[in-house]
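These notes concern the structure reproduced below.
The values are calculated or read from the model by the stated rules, or taken from the named source; none is laboratory data. Since the model is a prediction, treat every value here as computed from it, not as a measurement. A quick note on method: Cβ atoms are made from the backbone with ideal geometry, for glycine too, and the neighbour counts reach across all protein chains shown.
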Amino acid sequence: MTKHCLMVGAGLSGAVIGRLLAEAGHRVTVADARDHVAGNCHTARDAATGVMVHVYGPHIFHTDDAEVWDYVNRFATFRPYRNRVKTVSDGRVYSLPINLHTINQFFGKTLRPDEARAFIAAKADHSIAEPQSFEEQALRFVGRELYEAFFKGYTLKQWGCSPHDLPASILKRLPLRFNYDDDYFAHRFQGMPEQGYTAMVEAILDHPGISVRLQSPVARADAAGYDHVFYSGPIDGWFDYRLGRLGYRTLDFQRFTYAGDYQGCAVMNYADAAVPQTRITEHKHFAPWEDHAGSVLYREVPRACEPGDIPYYPIRLVAEKALLSDYVALAAAEPGVTFVGRLGTYRYLDMDVTIREALDCGRRYLAALAEGAPMPAFAASPL
């Protein structure tokens, strides 16, 4: 029997699940409060310069998931792109992630890999046996000098609290390399869609079984009449924040232009706490196959997310996780709704993971239909 499903949100989650269900013969309505598809990976050409701008901050596609890579290439032509990030610390420019060049430059050395490994091991604080915080993990991992130069100030700005109050798991995701590899990501497949992410998502949504409604916010009461709802908005928002608001960090984007090449790279981080921005992004460098005389740039300044702001980074400290557990319990008792994506599951997700979870979620729904089984509130656990 044909079902009519509602996707709340026209980002990657809603588009991918919607396409899968439409290809299986079901009717799909995709609704989004914004005036464009693609969510936070929305891209648009700047009229004055021709630069493809990542409107809500840069998104670089990287994955080891071959199926996900094949999927996005089905809807867009991807061009090779490697993210090579620089950072300014105490008035000097270094490469990130911390690699052999960074170590040698920072300490004024010419160490070989084995020498650098021993050198950093001697800097590490071995008195910290089981790091409990971001700060302890950094001190145990790289020592005080590198921690204070590259991590402390940046982390304070990004999260708005002391690194001593953040979990050690955040730093465990950051690599330290004892070679000259300055590729920010280590995944097999990396690239950028030649015509931007919005064109890619429009192609995913281009199916006769899918109707798209933009500038159409959806409240819980609006979901009646659909056979199933896939909700990619904030999970607390679905319940009108009745238990309180989950904590996020948001970003203020300070846009400016430049007649030329402003910084020579796509991403320049600013590690010092005294500098307000965490980074400046120069968007023409995200499309190195294009040539533009002018440039469009954004300073990114993090702050606490307030009502009406765009939530970017879920905080997920102890209090937030406790509140999330309460919302998960509410969601589990909510019939006919599955919560998906970054906001729906209150997790920071890269694009490839978002697509993988969307594919898995859509397939699980189709399997549930075939078996006559209920669809759970979460295809991927938020806890």
Quiz prompt | Hits in segment 325-383 - residues which are out of contact with any Leu (no Cβ under 9 Å at 6 or more places or on another chain), more than 29 Å from ALA186 (Cβ to Cβ) and among the charged types (D, E, K, R) | solution = GLU334, ARG364, GLU371
Self-check item: Count of residues meeting criterion [part of a helix (DSSP H, G or I) and either on the phi > 0 side of the Ramachandran plot or at pLDDT below 95 (or both)] in segment 99-119
Solution: 0
Quiz prompt | segment 54-90: number of residues that are closer than 24 Å to TYR154 by Cα and aliphatic (A, V, I, L, M) | solution = 4
Quiz item: Somewhere in segment 12-25, is a residue part of a strand (DSSP E or B), in the same structural domain as PHE339 (by TED's automatic domain parsing) and either of a type in the set (Gly, Ala, Ser) or modelled with pLDDT of 95 or more (or both)?
Solution: no
Quiz item: Just one of the numbered conditions (1) under 30 Å from PHE134 (Cα atoms); (2) loosely packed, with under 14 Cβ neighbours inside 10 Å is not true of GLU290; which one?
Solution: (1)
Exercise. Check SER381 against each of (1) of a type in the set (S, T, N, Q); (2) modelled with pLDDT under 95; (3) under 17 Å from the mean Cα position of the chain (by Cα) and name the one condition it does not meet.
Key: (3)
Practice problem: Identify the residue in segment 352-363 that is touching a helix residue (DSSP H, G or I) at 6+ places or on another chain (Cβ under 7 Å) and crowded, with 20+ Cβ neighbours inside 10 Å and, among all such residues, is farthest from HIS4 (Cα to Cα). | Solution: ASP352
Quiz item: So ARG316 clears everything in (1) modelled with pLDDT under 95; (2) under 20 Å from LEU166 (Cα atoms); (3) surrounded by fewer than 18 Cβ atoms within 10 Å (Cβ to Cβ) except one condition, right? Which one?
Solution: (3)
Exercise. Scan LEU366, LEU349 and give me the residue that is in contact (Cβ under 8 Å) with a residue 60 or more places away in the chain and either surrounded by 19 or more Cβ atoms within 10 Å (Cβ to Cβ) or out of contact with any Pro (no Cβ under 8 Å at 6 or more places or on another chain) (or both).
Key: LEU366
Exercise. Could you tell me which residue of segment 227-247 is surrounded by the fewest Cβ atoms within 10 Å (Cβ to Cβ), considering only residues that are under 14 Å from PRO307 (Cβ atoms) and charged (D, E, K, R)?
Key: ASP240
Quiz item: Is one or more of the residues making up segment 64-72 buried (at least 16 other Cβ atoms within 10 Å of the Cβ), part of a loop (DSSP other than H, G, I, E, B) and either out of contact with any helix residue (DSSP H, G or I) (no Cβ under 8 Å at 6 or more places or on another chain) or free of Cβ contacts under 8 Å to residues at least 12 places away in the same chain (or both)?
Solution: no
Practice problem: Find the residue count for segment 129-168, including only residues that are in a loop (DSSP other than H, G, I, E, B) and either surrounded by fewer than 21 Cβ atoms within 10 Å (Cβ to Cβ) or free of Cβ contacts under 8 Å to residues at least 60 places away in the same chain (or both). | Solution: 9
Self-check item: Residues (surrounded by fewer than 16 Cβ atoms within 10 Å (Cβ to Cβ) and farther than 14 Å from ASP236 by Cα) located in segment 300-309
Solution: ARG303, ALA304, ASP309
Quiz item: Just wondering, is there one or more residues in segment 7-28 that are over 16 Å from the mean Cα position of the chain (by Cα), surrounded by fewer than 19 Cβ atoms within 10 Å (Cβ to Cβ) and within 23 Å of LYS284 (Cα to Cα)?
Solution: no
Quiz item: How many residues are assigned to a loop (DSSP other than H, G, I, E, B) and surrounded by fewer than 17 Cβ atoms within 10 Å (Cβ to Cβ) when one looks only at segment 248-264?
Solution: 4
